[in-house]
């Protein structure tokens, strides 16, 4: 009996010690991050209520915090890599700033975000850009149905004469070559097309839009898989090159500049930015001549173009890969986010979201942040607002 | 030809003639002796038929007959070096003092690894000049897959892996490479018969697959040439004899296998190549001579996993040699037939591309040549030699493909200039094309030799002769259905073209050269002075710089052995050598007759939404692209060298300088033209006529490429070779060789270029004229140390090679970015580009900008590798070899001139082979 008790006791002790120790759980380290917002010189509003959105890049946790009267906010987050985005709306002026890829790995961290005034358009907005193209029934690539739709988001009739459509020279998924201009808030285009007219020739009523297409034909006839009929497009971009055709029924845009002698097309995965501005046709060349831009490419070749200051740009949309961009092509004030289509040749487009109806016209959402303003992978719906 | 050149040529001619007329008992019969004998196998004591007996300094010789007997008449009295050789045996070299008629019994020993001395290194040939000789033993030891592999034996060249992926283009004495060096290296066989590539037109620039095998204007692709058919190869990178022409860089001279040989089979494998060779030579009964034949089949794949593309090579050689008696004098003659073919085929992965897409390129080449040497041995003529050859190639590329020109594309269909209606291509169609090139070449050479002496111990060998070549491409050319063009989206419009309509290329040359050897006491000297004159008969008078002109090429090589004294108890010999020469490569058929440029401008593209109403109006313009000012490429070379021999150790150091400013290349030529364009303000609801549109004129810039003499290449450097005899305790001999090369690649003509942009609504209207186009200087310095260990007891020889490339530097030649002048629409000639123009809003697009690091030198650091090669004779009949390149390799991290961190990594490569001799 005594033996049994001894053995039991011994066994119990052994079992107890075995299970008494718990492995050390990794300690979750938190950091006190202070976000300090830097306001632009002409900022007159209060420093509080700037919304700071943070997102952990790896595990996608996110949150929001507001600044206090000193323009500071604090948040306790795990160690990791974060993107911070600050925004505040003060009347028609929208302020925003970003700080991407901050490494949080110390007990305390100070993140400084510079806000810049981001002017939300009061006239035209880019409603949708269809760059992805589609596949033909024979499984060949087809991109001639690309187009951009520009929408009158105001309550007055606007005139499209002199409206300029550009795409950025830089690519959102590769290293930039024109950063020195982006830092001065200027954007370098890779092509410049303009709506012709003396000033009052092409009226667009509130809630209506103009469509600029690559080829103004009914693409569904040539390619059963194409989602659009561009035979009623307002204008087409025509390159005097054997790979393009000039459809007489659709007037041509004026081609001012292109970085290539070949045909103009949008990147089928959308790895670039599109933007619009408006300058009277007669003044355009003089305007361009006073805004030259030069840079050297990595292979040593020098390239010249033009640099368009952001203050002239009415609206812009930055598109990248679904996971995000490698480098921005716009200064933050033009577009603080990005939108995307999953792949090329899908027949999908990026489309601005509907905000509300007012007096019989639809108003589209514009906060100069395409992550929030655009629907990725939308079905092309030219001239129709999807609610 | 300028006066200056005529004077120079005449001067040389006079010098040569002076030597001939130097006082001396020229035609004295009593001073000549006869050398005869018999050549036998040392072991079997059987006679060796068609063995070569050669007196190097006099350049006369003979071959033994079917009974092994030989006879050479007309040898001047005195000391001469005799070399007796036959493939498969160790060559015998004797120095003999010929005082009277001599008879000799020569015994040759079979070449095996059991012998005391086996040499597997390339050796300098001759005294003057810088030719390198590679004998069969050396060639076999490096286990080559093609002739390009033997180049790695030269100082300054790097180890080759022996894969057959990609073209093998010759490089010579340069860091980097250029097409003109490959084009300018002649491949010459027995009897001076060249293997040329001048009439090759097989190229479609837009076809990516053809690009990799394109050898137009690039010389011969050495991959095609198997080394198994040749006995020895001689590489001349310096100044060749005046006997050889149509070359600018150098030449590779090969001697074909001949005579009775055991049945030989060779099988070689490495990760990319499988090679099979079988050859045999027999003595035909009686006096019917000897016949040697060989077959080679090689299969190469770019990688082990790649089954869709392959390169197959097959070749065959038949060589008949015999000796007869004509007017009591030996007449040595032979007929050789060489056939080679390659098959290049790519299949598409059927799972990836369901459409029909095939590519096939076949190449079949047959060269038949005959030559005879009649050893007259008279005082007024020592020997007369003639060779004649005909070379026929069939080069067929055929392609079937589906074309889907993304969207609807217009197609012009006219073949004549003017305006006409065009056709829109369907969105997708199936087409095929075929390019058939049949380059043929006819060659004939007559050569004579005179030997005489003009004093005690002074001998002259006068070598004179002439050559004629005729080359033409007789193929049907580029054929395809005009309504279904294979590359409609390419920026260069083209049309089908018949090659056989292009006139032939002819080349006629004469040369004379004197080789003087003299000895004064302990000093010996040799001077080879010659001149060559070439003319292109039949060249049209539109080529003003080629028509009815004779081009001289002086070639001088000298050698002077200073003294012969004792140093460190060993016999020391010091010799100086040097030379100057000019070598000219004549333009190829493609350079003289490029296909015209076709401009198809779309004057109206009325692509109505109603297809039936569409109207396409094209203006076609043809531009002639041949250049009437085309000249040959003249390369000027100079060399200076020092040879020191102490005992059996030798040191050769050679400095060289080469300059060519007329290398062939294509430059872009811009011009502007006026064209009618049409527009309409009204929409038609029917198909309109062109007359219903409003005409307006537009002026546009266009460009096409023109063949010019625009490449400037300057090569300079130093080559060194140091060899030791066998170090007995280690059974190893050491060879150290290497070179420092500095090469400049630049332009000798201004370059026109413009930004490819639309500016101010139109394609950019100005063209900049620049004095620069990314010219560069490249230099490198390498040392190879070969430890050749020969263990005769084990019948094994292996080499440990330490290859170190000390540095490689690349520097882009500096440039300000500003054009010298500019040309534009509406201007009849270029205008100077001023300082003020740099800020002009339109002209500023012509100024190029470069980052500060663009012109910095990129320095690639040290790369060291160790290679191993070994050959073992398992039995008398069976031999096995293997090699490993870069068994060990290392190179440190470095930064490019743009500050990118880089590291050179190279993986080992190996191969194995088995050879059977029965």
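Please treat every number below as a calculation from the coordinates, not as lab data. Since the structure is predicted, the reported quantities are computational estimates derived from the model, not experimental observations. As a convention, Cβ positions derive from the backbone with ideal geometry for all residues, glycine included, and neighbour counts pool all protein chains shown.
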Quote the convex hull volume per residue of the stretch B:533-593, based on C-alpha atoms, as a whole number of Å³.
112 Å³
Tilt, helix A:2-20 to longest principal axis of chain A (alpha-carbon atoms), in degrees rounded to tens, equals 30 degrees
What ranking do B:156-164, B:325-333, B:776-784, B:513-521 get when scored by the average of other Cβ atoms within 10 Å per residue, highest first?
B:156-164, B:776-784, B:513-521, B:325-333
Given the C-alpha atoms of the stretch B:257-336, compute the convex hull and give its volume per residue in Å³.
89 Å³
Once you wrap a convex hull around the alpha carbon atoms of the stretch B:718-806, what is its projected area averaged over all directions, in nm²?
10.4 nm²
When only Cα pairs under 8 Å and 6 or more residues apart are kept, what is the percent relative contact order across the stretch B:148-284?
24 percent
Mind sorting B:599, B:802 by how few other Cβ atoms lie within 10 Å of their own Cβ, fewest first?
B:802, B:599
Give me the angle, in degrees from 0 to 90, between the Cα long axis of helix B:3-20 and the longest principal axis of the Cα atoms of chain B, rounded to the nearest 10.
10 degrees
Please report the orientation-averaged projected area of the stretch B:103-238, defined via the convex hull of its C-alpha atoms, in nm².
11.2 nm²
Using a cut-off of under 11 Å, list every residue of the stretch B:362-393 whose amide N is near the label point 7 Å from the Cα of residue B:331 along the Cα-to-beta-carbon line.
B:372-375
Please quote Rg/Rh for the stretch B:156-197 to two decimal places, taking the Kirkwood radius as Rh and restricting both calculations to Cα atoms.
1.00
Contact order relative to length of chain B, as percent, for alpha carbon pairs under 8 angstrom and 6 or more apart
9 percent
Given the C-alpha centroids of the stretch A:199-244 and the stretch B:91-122, what is the distance between them in whole angstrom?
88 Å
Arrange the peptides B:56-66, A:326-336 so that the one whose residues have, on average, the most other Cβ atoms within 10 Å appears first.
A:326-336, B:56-66
Burial-style ranking of B:363-375, B:539-551, B:683-695, average other-beta-carbon count within 10 Å with highest first, yields B:363-375, B:539-551, B:683-695
State whether the stretch B:17-158 is rounded, prolate or oblate according to the following rule on the C-alpha gyration tensor (a ≥ b ≥ c being the square roots of its eigenvalues): a/c under 1.5 gives rounded; otherwise a/b larger than b/c gives prolate, and the remaining case gives oblate.
oblate
Which value results when the Cα radius of gyration for chain B is divided by 2.2 N^0.38 Å?
1.05
Can you give me the relative contact order of the stretch B:257-336 as a percent, contacts being Cα pairs under 8 Å and 6 or more apart?
25 percent
With label points set 7 Å from each Cα along the Cα-to-Cβ direction at residue B:791 and residue B:278, the distance between them in nm comes to 3.4 nm
For peptide B:419-427, the mean count of other chain Cβ atoms within 10 Å per residue Cβ is 1
At a Förster distance of 35 Å, what's the computed FRET efficiency of residue A:65 paired with residue A:353, Cβ-Cβ distance as r, to 0.05?
0.90
Net lengthening on full extension, residue A:81/residue A:110 (0.36 nm per residue, minus Cα-Cα)
9.1 nm
Please average, across the residues of B:602-609, the number of beta carbons from any other chain that are within 10 Å of each residue's own beta carbon, and give a whole number.
6
I need the shape label for the stretch A:124-378. Rule: rounded when a/c is under 1.5, else prolate if a/b > b/c, else oblate, with a, b, c from the alpha carbon gyration tensor.
rounded
Give me B:655, A:166 sorted ascending by neighbouring Cβ count inside 10 Å, so fewest comes first.
B:655, A:166
Inter-site label distance for residue A:311 and residue B:900 at 7 Å from Cα along Cβ, in nm:
4.0 nm
Number of partner chain Cβ atoms within 10 Å, mean per residue of A:301-307:
5
Expressed as a percent, the portion of alpha-carbon pairs in the stretch B:738-786 spaced more than 16 Å apart is 63 percent
Please give the contour-minus-distance gain from residue B:918 to residue B:255: 0.36 nm per residue of separation, less the Cα-Cα distance, rounded to one decimal in nm.
236.4 nm
Kirkwood Rh, Cα Rg: Rg to Rh for the stretch B:427-552?
1.30
Measuring from centroid to centroid over Cα atoms, what is the spacing of the stretch B:540-617 and the stretch A:103-136 in Å?
57 Å
Could you state the number of Å between the C-alpha centres of the stretch B:171-249 and the stretch A:282-318?
49 Å
At a Förster distance of 41 Å, what's the computed FRET efficiency of residue B:809 paired with residue A:141, Cβ-Cβ distance as r, to 0.05?
0.40
Provide the gained length on full extension for the span residue B:310 to residue B:83, in nm with one decimal, where the gain is 0.36 nm per separating residue minus the Cα-Cα distance.
77.3 nm
Give me the compactness ratio for the stretch B:815-879, meaning the Cα radius of gyration over 2.2 N^0.38 Å.
2.67
Which distance in nm do the two modelled labels at residue B:133 and residue B:676 give, with both placed 7 Å along the Cα-to-Cβ direction?
7.4 nm
Across the alpha-carbon set of the stretch A:235-372, Rg over Rh with Rh taken as the Kirkwood radius works out to 0.98
Take the alpha carbon gyration tensor of the stretch A:30-119, find the square roots of its eigenvalues, order them as a ≥ b ≥ c, and report rounded if a/c is under 1.5; if not, report prolate when a/b exceeds b/c, else oblate.
prolate
